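Report on one structure; see the data block that follows.
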Amino acid sequence: MKSFFGLLLIALLVYSLYVENQSRPSALLAEQQGFDQLIDIEEGDPGEVPVEHYPGPNVGDRALDFTLKTTAGKTVTLSELRGKKVILNFWATWCPPCKDEIPIFQEFHDNQKEDVAMLAVNIDPQYNVKQYEDNMGITFPVLLDEDDKINSAYDILTVPTTFIIDEKGVITHKKVGAFTSLEELEKATD
């Protein structure tokens, strides 16, 4: 009997939405036209929307502290890296732009590992991240966000997303999308 009333309630809700939109078809059309204003981050010009309008921590905010394990089982806590610049990158194994920027991060890490800590937070640890790490020749720490808490805390909607964090733990640069050159990454960390 409960399922009957549940279905009846859903049917009434759908019917009321249908009747409301039939009585004001121009309102529905106006709502549909509003979608032209959305920007596809992957396709659009990243300069169109200032990064401070994206959700999650932004430039000037203190980086949210966390502790995660690496693929090797070592524990890394962000706040323990205070006193050093940190590149915090969120990525996934299925993400082509993430794969394209890994060699850039690796070259930067090879040149700057004493001055800047590189952390790559993987958001899809259900895949064989260790094998991916080995295949890509990654030598900087790859962290596993196994319960999706850090990804959610940083409100990551697009991968890759990278934060540059200064020695005091403050975000100085945020990039939604991939770094395309070593020069771009070096400029972001200056």
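The values are calculated or read from the model by the stated rules, or taken from the named source; none is laboratory data. Please read all numbers here as calculations on a predicted model, not as lab measurements. Positions of Cβ are backbone-derived with ideal geometry, glycine not excepted, and every protein chain shown enters the neighbour counts. Accessible surface is based on the protein model in full, side chains and every heavy atom, while ligands, DNA and RNA are left aside. Shrake-Rupley method; radii C 1.70, N 1.55, O 1.52, S 1.80 Å.
Considering segment 127-158, and only residues there that are farther than 18 Å from Ala72 by Cβ and part of a loop (DSSP other than H, G, I, E, B), the residue that is most open to solvent (accessible area, probe 1.4 Å) turns out to be Leu157.
The conditions of being at pLDDT below 95, buried (at least 16 other Cβ atoms within 10 Å of the Cβ) and at negative phi are met by Thr189.
Beta carbons closer than 8 Å, at least 6 apart along the sequence or on distinct chains, pair a first residue in segment 94-117 that is farther than 17 Å from Lys175 by Cα with a second that is of a type in the set (Gly, Ala, Ser) and surrounded by fewer than 19 Cβ atoms within 10 Å (Cβ to Cβ) for Gln106/Gly137.
The set of residues in segment 159-170 being among the aliphatic types (A, V, I, L, M) and part of a loop (DSSP other than H, G, I, E, B) consists of Val159 alone.
If the condition is being surrounded by fewer than 21 Cβ atoms within 10 Å (Cβ to Cβ) and polar (S, T, N, Q), then segment 117-126 contributes only Gln126. With Glu167, Glu184 as the choices, which residue is in contact with a Lys or Arg (Cβ under 7 Å, 6 or more places away or on another chain), among the acidic types (Asp, Glu), exposed (fewer than 15 other Cβ atoms within 10 Å of the Cβ) and more than 19 Å from Lys74 (Cα to Cα)? Exactly one residue qualifies, and that residue is Glu167.
Quick grid of which residues meet (1) within 15 Å of Ile164 (Cβ to Cβ); (2) modelled with pLDDT under 95:
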| residue | (1), (2) |
| --- | --- |
| Ser79 | no, no |
| Val86 | yes, no |
| Pro103 | no, no |
| His109 | yes, no |
| Gln112 | yes, yes |
| Asp115 | yes, yes |
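Across segment 170-181, the qualifying residues are those that are farther than 17 Å from Tyr54 by Cβ and out of contact with any Gly (no Cβ under 8 Å at 6 or more places or on another chain), and the one among them that is surrounded by the fewest Cβ atoms within 10 Å (Cβ to Cβ) is Ser181.
Every condition in (1) open to solvent by less than 10 Å² (accessible area, probe 1.4 Å); (2) out of contact with any Phe, Trp or Tyr (no Cβ under 9 Å at 6 or more places or on another chain) holds for Thr75 except the one numbered (1).
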